[in-house]
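What follows is a set of notes on a single structure, which appears directly below.
No lab work stands behind these numbers, since they all come straight from the coordinates. Keep in mind that this is a model prediction, so the values were computed, not measured. Note: ideal-geometry Cβ built from the backbone for every residue, glycine included; neighbour counts use all protein chains shown.
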Amino acid sequence: MSAKDIDDYLQLVPEPKRSTLQAVRESILEILPEAEQCISYAMPAFRVDGKVLAGFAAFKNHLAYLPHSGSVLREIAELKDFSQTVGSLHFAVDTPLSKELIARLIEVRRAQAFGT
């Protein structure tokens with residue numbers, strides 16, 4: 001699997017969702033330049049040293065950031081205004097998450113995954 005797999009996924013996503021997810025993808029790659037882009041559970045994901053640290057997906061009425069951990073979201077107080085499930089943070093189809101928020105999500109997930 002490779003970046004092409006994510007490109008193929010995004011090609012099937014209509015605008016404005018596609019551009020919004022592409023912006024999230026670019027932020028993730030700026031924060032995790034060493035990440036391998038892949039597909040995990042049929043959704044775009046970013047793996048470092050064999051562990052998935054971030055992902056995203058398009059749904060009918062929203063987009064979702066996926067930390068690939070059921071406990072990341074509850075550790076971040078800034079997320080209280082977002083709709084979410086245990087394992088996904090929902091956001092608008094036309095507004096990407098901020099790079100700062102993505103960095104915080106990845107920081108918490110990385111600490112869980114690698115104990116750092």
| note | Placing +1 on each Lys and Arg Cβ and -1 on each Asp and Glu Cβ in the chain, then taking the dipole about the Cα centre, the residue among Ser27, Gly87, Leu53 whose Cα reaches farthest towards the positive end is Gly87
| query | Roughly speaking, what is the stretch gain from Ala42 to His90, that is 0.36 nm per residue apart minus the C-alpha to C-alpha distance, in nm to one decimal? | reply | 15.5 nm
| said: List the residue ranges in the chain for DSSP H helices whose C-alpha atoms run 20 angstrom or more along the long axis and whose Kyte-Doolittle average is 1.0 or above. | reply: none
